[in-house]
Structure formats: C-alpha cells, structure tokens
Amino acid sequence: PLHSTPRAPMGRRETIFRLAKGFRGRSKNCWSLALRRVQKGLQYAYAHRRLKKREARAVQIQQINAGAREYGISYSRLIRGLYLADIGLNRKMLSVLARQEPYSFRAIVEEAKKGLRGSVLGVG
C-alpha cells in the first residue's frame, strides 16, 4: 500500500544489532560483544576513509612519475616545472592523462620543461 503505518524509530540496541549483522561468532547477537565490535568497526571505517584517500594519492603520484620518466623528467621536477609554467592541473588529472592520453601528457611535460628552462635562464 502507498500509505503504510510508519515504523517506530529504532532503539539503540536494534541499531547496534543491525550494524553487527554479518559479524562472526557471538559478536552478532550478544549485546556486550556486539557493542564493542560495532564501535571498533566504526573506528576502523572512519580511519580507513582517510587512508583510502592517502593511498589513492600515492598511486596517482606513482603513475605520474612513471609517465614523466618516459619523457626524461622526474616527478618532482615535473611538478616544479608545472608550477613555474603556471599550469594548474591537479595530481588526479595528471595521472589520468599519463595513463589514458599520452600525447596530451607529453605536451604538458614539454611545457613543464620550458618552465624549468625559463627559471634556470632567469626568464619569467
């Protein structure tokens, strides 16, 4: 039916047991164990949401470094060159370009090299 009776809001115990669903042993149906496991699980979830971002950035940097070294420049010099050339691409976009658009990435690397040469010569 379209208008069913509204359900009563869940109590604390019901919420904890619902979150503990799928846990092993008594952790899914024994209150004191379920409470501890759920709290710990939420702590892990909070921490790992941040770790996920950190690891993704590390992988992006590795991909950019691999792409840059194909064109004879290291990651750190590429990033410095991009800064000097006033190219504001973030690392996520650079890693996508390094993987999927090698010609575009090469053009960006060449611009970064120009930026580095300009800084060495004192131009700019």
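Placing unit charges on the Cβ atoms of the charged side chains and taking the dipole of region 1-108 about its Cα centre, the candidate lying farthest along the positive direction among Ile79, Tyr46, Gly25 is Gly25. Please work out the FRET efficiency for the pair Arg49 and Val96, using the Cβ-Cβ distance as r and a Förster radius of 25 Å; give the result to the nearest 0.05. Here the calculated transfer efficiency is 0.65. Given +1 at the Cβ of Lys and Arg, -1 at the Cβ of Asp and Glu and no other charges, the dipole of the chain around its Cα centre is 1080 debye to the nearest 20. The lysines within cross-link reach of Lys28, meaning a Cα-to-Cα straight distance under 17 Å and a gap of 8 or more places when in the same chain, are Lys40.
For every other residue with a beta carbon closer than 13 angstrom to the beta carbon of Leu121, add +1 if it is Lys or Arg and -1 if Asp or Glu, then tell me the sum. With Lys, Arg at +1 and Asp, Glu at -1, the neighbours total +3. Using the average count of surrounding beta-carbon atoms within 10 Å as a protection proxy, the listed peptides 72-78, 19-25 rank, highest first, as 72-78, 19-25.
What's the carbon and sulfur percent of the chain's accessible surface, probe 1.4 angstrom, rounded to a whole number? For the chain, the apolar C and S fraction of the accessible surface comes to 55 percent.
The values are calculated or read from the model by the stated rules, or taken from the named source; none is laboratory data. As the structure is a computational prediction, the values presented were derived from the model and not from experiment. Glycine gets a Cβ as well: all are built from the backbone with ideal geometry, and neighbour counts include every protein chain shown. The area values use the complete protein model at the heavy-atom level, side chains included, leaving out ligands, DNA and RNA. Shrake-Rupley method; radii C 1.70, N 1.55, O 1.52, S 1.80 Å.
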